[in-house]
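Notes follow once the structure below has been shown.
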Amino acid sequence: MALTAVIAIGQFSLAEIWRQLVIDRPFELTSSSAAPATLAIRAEAAIPRLIVQSSRGMSGEPAPLGLTLQGRAEGAVVIITGLVPGMELTTGGAVGADAWQVSATDLRDVWIGPPKSFVGSVDLVAELRWPDDKIADRQTIHVEWVSPVLAQHQLDREEITAAPLTLPAPAPRQLDREEITAAPPTAPAPAPRQLDREEITVAPPTLPAPAPRQLDREEIAVLLKSGKDLIANGDLAAARLVLQRAADANDVEATLALAATYDPFVLRELRVYSFPADAEMARVWYEKARELGSSAASRRLEMLSSGAR
């Protein structure tokens, strides 16, 4: 508008017209050059990406999957391949002999359960796929399960490495002639008895069993919530794996919930028929919940004994 008015009057030079244009519209002239860079940064941030973190667990116990999503990916799914037979995830469902599908929005707090007594590592491949099956991102996940003895051994090595250096003990003071003369001679200590071959063969050294790692309240709360969500979704197998970790840490609520996953009356009430009930396992966990102070566990035990609600 300012440029049109100046030209219409016809009283200013071309330099004055340009100066007037800069004064009236500084924002339009300066922002146009920055717009492409800003759009490029926003477009880069909008691309969803899979973030991977290596994970380690104890033999026979679930471990975190270590996979999160950066960005937005509504309607997308993550296909995980390379599973060993017997491995299961706590969310989603199997889509093949060695593959599992999880919603891209449900990656937080996903755990992977190994086969019984499994020790070793697996390299899984995770693919982020759009609803039209196009691949948006692909990453490799490394998950490892170690035996309790090996885990304790590695922990001991770390503690030894972290221990501060100690200065060598000072050399003993040399005795003078009078002290040597006054000191009575001492007999040398007897050499230790050598063990024969039979003693060495019969009594092999045994390593002490490591103490289980204690879970804090926050970890127990996460396990308990995940277990309840899995029960609500009907996935009792994964729920039992998650709840047992919290129950082993003597959490009374997790122990009571774990017992309920085996209770035939609870399963009948929830109309769950695909998982077998186990009254003896339910009684074992109800007994532990009662020892931890649960009054509801006592009523459940009475119902199991009477055979009816």
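Laid out as a table, the results:
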quantity: Net charge of Cβ neighbours under 10 Å - reference W111; Lys, Arg +1; Asp, Glu -1; calculated: -2
quantity: Intensity falloff of region 217-306 expressed as log10 I(q)/I(0), Debye formula with alpha-carbon point scatterers, at q = 0.18 Å⁻¹; calculated: -0.71
quantity: Spatially proximal lysines relative to K225 (Cα-Cα < 23 Å; intrachain offsets below 8 disregarded); calculated: K288
quantity: Efficiency of FRET between A237 and A279 - r from beta-carbon atoms, R0 22 angstrom, step 0.05; calculated: 0.75
quantity: Convex hull volume per residue in cubic angstrom - Cα atoms of region 49-148; calculated: 79 Å³
quantity: Loop sites in region 218-275: chymotrypsin sites (Phe, Trp or Tyr not before Pro), DSSP, at most 12 other Cβ within 10 Å; calculated: Y273
quantity: Local electrostatic count, A238, Cβ distance below 15 Å [Lys/Arg +1, Asp/Glu -1]; calculated: -1
quantity: Contour excess over end-to-end distance, with Cα ends at R173 and Q194 and 0.36 nm allotted per residue; calculated: 4.2 nm
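Only the coordinates and a few stated rules stand behind these numbers; no lab work does. Small disclaimer: the values here were computed from a predicted structure and weren't measured. Every residue, glycine as well, gets a Cβ built from its backbone with ideal geometry; the counts of neighbours run over all protein chains shown.
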